[in-house]
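Just below is one structure, and these are the notes that go with it.
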Amino acid sequence: MADQVTVLCGGLGGSRLTHALALAAGADRVTAIGNVGDDLEFLGLQVSPDLDTVLYTLAGLLDEERGWGVRDETYGAIAQAERLGEEAWFTLGDRDIGLHLARTRRLRAGEPLSVVTAEFCSALGVAVRLLPATDDSVRTFVEIDGGELDFQSWFVGRRHADPVRGVRYEGVETARPAPGVVEALQTARAVVIAPSNPFVSIGPILAVPGIRAAIEACDGSVAAVSPIIGGQAVRGPLAGMLETLGHEPSAIGVARLYVGLADTFVLDVADAALAPEVENLGLRPVVCETLMVDPGRRAEIGLQVLEALV
């Protein structure tokens, strides 16, 4: 475990960094701890969108153009369900549904999510150790003007158009880290917080009792990679969320969120001028390329991030 790199990840940014580190360090040296706050039950199926995005990315199955789901997917099942009067606002492809069917049956039979996820990794040839942050039910809710919505209803159903006034993680107080999570954090050579949304991807992980303390107990480096480049989120609503939640919509705004947890903050080359401000926060600034849209460049970027952690 001495050479292990442990990544906290959620969504596309997290999956891309996990893939980059696996290519650079070797998949068997990487443990990914995935967000489950986005999980939902849809049409009776247990769906884990963030875990699945990481799984599909590492298995070479992700639709890279869309950033979710399986490439070359078909949608016959969801179209038929819609014709029969069912909701179809959360798009599920046919092969994707196959995975959800398998997960749902096993969870209902009493298998924990961590065991099911490990079995899926094995079946799809993924050597990275992918762990859910918890086997317990934790669900992210966002506060909007006039009420509150579960994350997927806001993000997908309403296309994240409503300004976010607050974020809450239902069930997190009684959740426990999944088996292996605390050990992977405490014994890692480096812990990397992926360029994922700190409120709805990383926040639900850190809120699980025991996880933040395990990171603080780690003897290795703890680095956070900025999900903001040039004042804009690479993907998703983060820039707007930073502003409506009272934070500067920039890489510095993100860096401030990790003061006291991380010792290193990785900036994209486009934000190199912000390095002195990062240093003033008490974080060691590292500047390298972080844009990982092109799968062909991920090994190179993963190596840059790893070298920055030495």
(Q) Computing the accessible area with a 1.4 Å probe over protein heavy atoms, can you report the carbon and sulfur percentage for the chain? (A) 51
Q. How about segment 139-170: which GluC sites (Glu not before Pro) there are in a DSSP loop, with at most 12 other Cβ atoms within 10 Å of their Cβ?
A. none
Q) Out of 98, 69, 240, any idea which swings most in a Gaussian network model of the chain, alpha carbons joined below 10 Å? A) 98
Q: Among 102, 190, 178, determine the one that fluctuates most according to a GNM of the chain built with springs between C-alpha atoms less than 10 Å apart.
A: 102
Q | Gaussian network model of the chain, springs between alpha carbon atoms under 10 Å - residue of 179, 276, 49 with greatest fluctuation | A | 276
**Q.** Residue-count net charge about residue 289 - beta-carbon cut-off 15 Å; Lys, Arg +1, Asp, Glu -1
**A.** -2
Q) How much area per residue is accessible in the chain when the probe is 1.4 Å and only protein heavy atoms are counted (Å²)? A) 41
Q: Would you pull out the residues with amide H under 5 Å of residue 7's amide H, same chain only if 5 or more places away, H placed 1.01 Å from N?
A: 31, 32, 33, 192
Q. Do any trypsin sites (Lys or Arg not before Pro) in segment 63-136 lie in a loop, going by DSSP, with at most 12 other beta-carbon atoms within 10 Å of their beta carbon, and if so which?
A. 66
(Q) Need the C-alpha centroid separation for segment 1-36 versus segment 64-115, integer Å. (A) 24
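The values are calculated or read from the model by the stated rules, or taken from the named source; none is laboratory data. Please read these numbers as outputs of a predicted model, since none were measured by experiment. Heads up, the Cβs are rebuilt from the backbone with ideal geometry, glycines too, and the neighbour counts pull from every protein chain shown. With ligands, DNA and RNA removed, areas are computed over all heavy atoms of the protein, side chains included. Shrake-Rupley method; radii C 1.70, N 1.55, O 1.52, S 1.80 Å.
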